[in-house]
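Each remark here refers to the structure printed beneath this line.
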Amino acid sequence: MRKLIDANVILRYLLRDHQQMSEDARRIIENGAFTLPEVIAEVVYVLKGVYKIERHEIAGVLIEFLDDVIVENQNVVKEALFLFSETSLDFVDCILIARHRVLGDEVASFDKKLNKML
């Protein structure tokens, strides 16, 4: 049975900063795991805000990571990560733009920067 993984599992898997938890995370992911776009957003926030990792590096690592797990609307998340690496937009705004581009969702916002990208 696939397990729904949270941001902590993903962070331990990516960062390999805690021997036992990182190994447990690897095992869980290799046995079939899934996650949600909201969880990926939290991972982006932590990697950027806490670990001060550059946007393009975060995007590259997470796009590669998405080959190891199942995530809802994977094409949307990949597009959002690409946008995140190429812009100064918040990741959630990147998800909104990606949903518009990939799924055709109409987005309503008062954010001028976001609207310009739509």
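The values are calculated or read from the model by the stated rules, or taken from the named source; none is laboratory data. This is a predicted model, so every value here is computed, not measured. Positions of Cβ are generated from backbone atoms using ideal geometry, with glycine treated the same way; all protein chains shown enter the neighbour counts. Accessible surface is based on the protein model in full, side chains and every heavy atom, while ligands, DNA and RNA are left aside. Shrake-Rupley method; radii C 1.70, N 1.55, O 1.52, S 1.80 Å.
Residues in segment 50-94 that are β-branched (Val, Ile, Thr), touching a Phe, Trp or Tyr at 6+ places or on another chain (Cβ under 8 Å) and within 21 Å of Gly32 (Cα to Cα): Ile63, Val69, Ile70, Val71. Based on what the data block shows, is Glu72 of a type outside the set (Val, Ile, Thr), at pLDDT below 95 and closer than 29 Å to Met1 by Cβ? Criteria met by Glu72. Could you list all residues from segment 1-19 that are touching a residue at least 40 places away in the same chain (Cβ under 8 Å), assigned to a helix (DSSP H, G or I) and loosely packed, with under 13 Cβ neighbours inside 10 Å? Within segment 1-19, no residue meets the criteria.
So in segment 54-107, with the set limited to residues that are touching a Ser or Thr at 6+ places or on another chain (Cβ under 6 Å) and part of a helix (DSSP H, G or I), which one is nearest to Tyr13 (Cα to Cα)? Out of the qualifying residues, it is Ala59. Of the residues making up segment 68-117, those that are in contact with a Lys or Arg (Cβ under 9 Å, 6 or more places away or on another chain) and not β-branched (Val, Ile, Thr) number 13.
So for segment 20-35 (the condition being open to solvent by less than 60 Å² (accessible area, probe 1.4 Å), modelled with pLDDT of 95 or more and of a type in the set (Phe, Trp, Tyr)), does at least one residue qualify? Yes, segment 20-35 has at least one match.
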